[in-house]
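> Before I ask anything, let me first share the structure, which is written out below as structure tokens.
Bear in mind these aren't lab numbers, they're just calculated from the coordinates by the rules spelled out. Here the structure is a predicted model, which is why all the values come from computation and not from measurement. Because the Cβ atoms are built from the backbone with ideal geometry, glycine has one as well, and the counts that use them run over all protein chains shown.
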Amino acid sequence: MTALLAPRIPMLLLKLAALALVAALALQPILVGQHFGGQPYALQLHSAVGEGAAWLALGQGLLAGLCWYRGALRPSAALVFLLIFVLVGLQLHVGYVRTLSLHIPLGTGLLAGSLVTTLWLWRWPALCAQPAQE
Ligand code: HEM
């Protein structure tokens, strides 16, 4: 149990969750394009992938909280992952109620933001990792 809570493992899981989330978000405009192109199941798939993205964002937020608690993530970075979860929840809601004037820009922003946070974790960890204590 203690080994599971060591910062290395939640940090690896956080990196994997971030990759999966950005992949799911990147699928969304493609699926909507297929829906408008007349593919009958594309919108159903768009909402299913959206719900999967919400679970991934929740997992990502919880893992970020755990990494912060274990001293591996800056508090500001953990808050960004929490904000992504809240915004993905809002995105799901505005998708179902078809408020497209918010849904489309928010979806684009979420994809861009998730790409940046994934790059933080994989390429520039110093930007989000908690500096080691002296
Ligand atoms: C850039 C990204 C996205 C674009 C351009 C986009 C676009 C759209 C459009 C145009 C619709 C309405 C389709 C119609 O009324 O015929 C829609 C519906 C929807 N979208 Fe998105 N979306 C994006 C990302 C997302 C994401 C990230 C989520 C979830 C987290 C999501 C969840 C939904 C849901 C749940 C619906 C309603 C589907 C239904 O009624 O079955 N979308 N989206």
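> How large is the convex hull of the Cα atoms of region 2-127 per residue, expressed in Å³ as a whole number?
Working: hull volume 11.9 nm³, N = 126.
Convex hull volume per residue, Cα atoms: 95 Å³.
> Specify the residue with the greatest mean-square fluctuation among GLY50, GLY59, GLY95, computed from a Gaussian network of the chain linking alpha-carbon atoms under 10 Å apart.
In the Gaussian network model the winner is GLY95.
> What value, in deg cm²/dmol to 500, does the helix sum -39500 (n - 2.57) over DSSP H runs of n ≥ 4 give at 222 nm once divided by the residues of the chain?
On the way: 5 runs with 106 residues, N = 134.
Mean residue ellipticity at 222 nm (helix-derived): -27500 deg cm²/dmol.
> Something else: State which helices in the chain qualify, where a helix is a whole DSSP H run, it must extend 30 Å or more along its own axis by its Cα atoms, and its mean Kyte-Doolittle hydropathy must be at least 1.0. Please list the in-between numbers first.
Numbers: long enough: 8-36 (43 Å, 1.55); 42-69 (40 Å, 0.88); 75-96 (32 Å, 1.91); 100-122 (32 Å, 1.28).
Passing helices, by number: 8-36, 75-96, 100-122.
> For LEU43 and LEU16, what is the calculated FRET efficiency with R₀ set at 30 Å and r taken between the beta-carbons, to the nearest 0.05?
Values: r = 28 Å, r/R0 = 0.94.
It comes out at approximately 0.60.
> Given Cα pairs under 8 Å that are at least 6 residues apart, what percent is the relative contact order of the chain?
Working: 122 pairs, mean separation 39.2, N = 134.
Taking the mean separation of contacting Cα pairs over the length of the chain, I get 29 percent.
> Taking amide hydrogens as modeled 1.01 Å from N in the peptide plane, which residues meet the under 5 Å criterion relative to LEU73, leaving out close sequence neighbours?
Here the answer is TRP68, GLN130, since their amide H atoms fall under 5 Å of that of LEU73.
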